[in-house]
Structures are given as C-alpha cells and as structure tokens.
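To keep things clear, I will list the structure first and then write my remarks on it.
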Amino acid sequence: MMLSTPACHANFTPAPQYETEFSSRQAPRTGSFNVHGKNKHWQVSSAQHPMTQLSTSFSDNAFRNRWRTLLSVDDMVEQVIKKLEKMEVLNNTYIVFSSDNGFHLGQFSLPVDKRGLYEFDIRVPLWVRGPGIKPSVRQEVVLNIDLAPTFIEMAGLIPPTDIDGQSILGLLSVDNVDQIAETEWRDSFLVEYWGEHHPAVPNCPQYNGQGVADCFPSCVCEDSWNNTYSCVRTLNKSSDLIFCQFQDNQSFEEFYNIRKDPDQLENIIYTASKQTLVHLRQNLMYYKQYDGGRDHKRLR
C-alpha cells in the first residue's frame, strides 16, 4: 500500500486545528540563509540580497505552514500504526517514509523552492522499520531508484537484473556499518534537472519573455530555461564532493567540497587543478551516458 499526501507541498494549507501551531518559529537560519550566492550560476547570484522583508516573511510563513501540514501527516501515520497493531501485523510489516525532493527557504537569498543543485534541495529523508531491522543510522548513498527493487525484495521476490537501483534490504539488516565495503555499494550518483520557463511572469512584467519562471515574492526568480544541469555527487570515507555543469551558453560549472564547506558557500571550480577538472568532466560525461545496469564501474 502506498500513501502519498499533498503535505507539505504548496500551497502549504494546514488543517484548521493546526493553523496556530509553531507561531514563534522561523525558517532555519543556516549558514547560507540570506547569503549572496557569490560565484554561482547567474540565477542564484542574481537573487536580491539582502532579502526584502517580504521575502523573509514569505520564507518564515512557508516554513511554519509546512510544519503545520505535517502534523496531519503525523496523524495519518499514527492511524496506520494503530490499525496495523489492531490487525496484529505491525511486527510483520515494513513501513517506509520518504519524500521526493528537498527544499530551500532563504538559502542564498532564494525565498522558496526546490530546484537547486545544493544539499538542501537534493537530500530527502528516508526512514524504514520492519522485521529484522534494528534502530540505526546508515551512511550509504541510497537513491529513489532503490525503492522499487527494495519493495520487490521485501515481498519475497528477486528484483529483475535490468532494473535501475539496488535493494537496500541487505543494508538494513546489517548491524555494523563497516560490514558493507565501499566496493559493494555506490559512492557516487547522477543529479539532473531540466529548467522551466514561462512566457509571462505574473506580477513581474519586466521578466516577460526572459525565459524565467516562479518569480515570487519580490520578483526573485527560482527557475529559468538554462537552469538545466547535471551533477555527480560523491560521498565516501575520503570524499564528500559535488561537481555540476549547466547546459547554458557558458557551460557554467560549480564544484564544492562539502566536508570542508557544508553550506556550499565557496565554488572551488576556479581553484581546482586542470587535472582535477579533466577528471570531473570525464566522470560526469560517463555518468550521463551510463544506462543504469548493475555492472557500473565508476571512474576513480
């Protein structure tokens, strides 16, 4: 059974009983909140900075209302758990909770959206409980393409060999993180997004026909026709990196060492060696051409 809720998607409308919850909370003031996106793609670096009071209030209100809508999701999860307990099947049932995208609320002065290449937009939660799974936090790189083969194996079947992704059930049943060698599990993956635009931009007529979209509030545009990018994200014991290339007239690139710079403030593409750049670009090309089979051999 799959339950897919509108919450906490826009329009962020909470149930009446939760409309006043979290009234004193603000959007998280992370290290990149209301910071100028220096040396980033033009769409990020051109965001109005500092944020207007309208934009800041919009981000805070969106944060509060998103949390409020999730209280209804909590209610739903509780009802499901209680039903499974009443049916006496809870201990024999796998429950998987996740989402389809991250979100930003004021990071790099962008008020509200999800279309960026940064950690706050590409990371999603994943919680799993069920038979044979012990409470723990895993560090392996798990993707949404892993869900289908995982569900197949949970049902007692063997996932097809030509399916994208891998079942994570084996990871969840291992007590020690170190029991899974890096060579047995991916440490890199491809991130892609295709930018969108609209001929007319409501409330911001100066941007009509400029190839942008979602310009609100204060006419800060969150998307554009050339906000189209591909990235390789690498995470293992020795590296925590992301390299991205845009499909625009510049082939603009961004490169971050997230272990040293968790807020992705410094685009180190300008200080990387030529050898490093050649490797990054070749690796990205390889991933973009890769067909998803399980015999994938990543470049080192």
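Some values worked out for this structure:
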quantity	calculated
Centroid-to-centroid separation of the range 4-24 and the range 246-263 [C-alpha atoms, Å]	34
Charge sum, other residues only, whose C-beta stays under 10 Å from residue 225's C-beta, Lys/Arg counted +1 and Asp/Glu -1	-3
The range 50-99: GluC sites (Glu not before Pro) in DSSP loop, at most 13 other beta carbons within 10 Å	88
Of all accessible heavy-atom area on the range 7-56, the percent that carbon and sulfur account for (1.4 Å)	51
Reach of residue 288 by Cα under 26 Å, taken over lysines that are not fewer than 8 positions away in the same chain	40, 114, 237, 274, 297
Cβ-isolated cysteines (cut-off 4.7 Å), the chain	8
Label-point separation in nm, residue 155 to residue 288, each point 7 Å along Cα→Cβ	3.6
Sorted peptide list for 244-252, 223-231, criterion being average Cβ within 10 angstrom, highest first	223-231, 244-252
Protection proxy ranking of 254-264, 132-142 - average other beta-carbon atoms within 10 Å, highest first	254-264, 132-142
Length gained when the stretch residue 277-residue 76 is fully extended (0.36 nm per residue, less Cα-Cα span)	67.5 nm
Length-normalised contact order of the chain in % [C-alpha pairs under 8 Å, at least 6 apart]	15
Candidate values (1) 139; (2) 163; (3) 124, label of the one derived for volume of the Cα convex hull per residue in Å³	(2)
Gain in span if fully extended, residue 260 to residue 87, counting 0.36 nm per residue against the direct Cα distance	57.4 nm
Approximate spin-label separation residue 203-residue 139, in nm, with each point projected 7 Å along Cα-to-Cβ	4.4
Probe 1.4 Å, protein heavy atoms only - accessible area per residue of the chain in square angstrom	58
Pair residue 174, residue 191: separation of 7 Å Cα→Cβ label points (nm)	2.4
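The values are calculated or read from the model by the stated rules, or taken from the named source; none is laboratory data. Fair warning: this is a prediction, and the values are worked out from it, not measured in the lab. Virtual Cβ from ideal backbone geometry, glycine too; neighbours counted across all protein chains shown. With ligands, DNA and RNA removed, areas are computed over all heavy atoms of the protein, side chains included. Shrake-Rupley method; radii C 1.70, N 1.55, O 1.52, S 1.80 Å.
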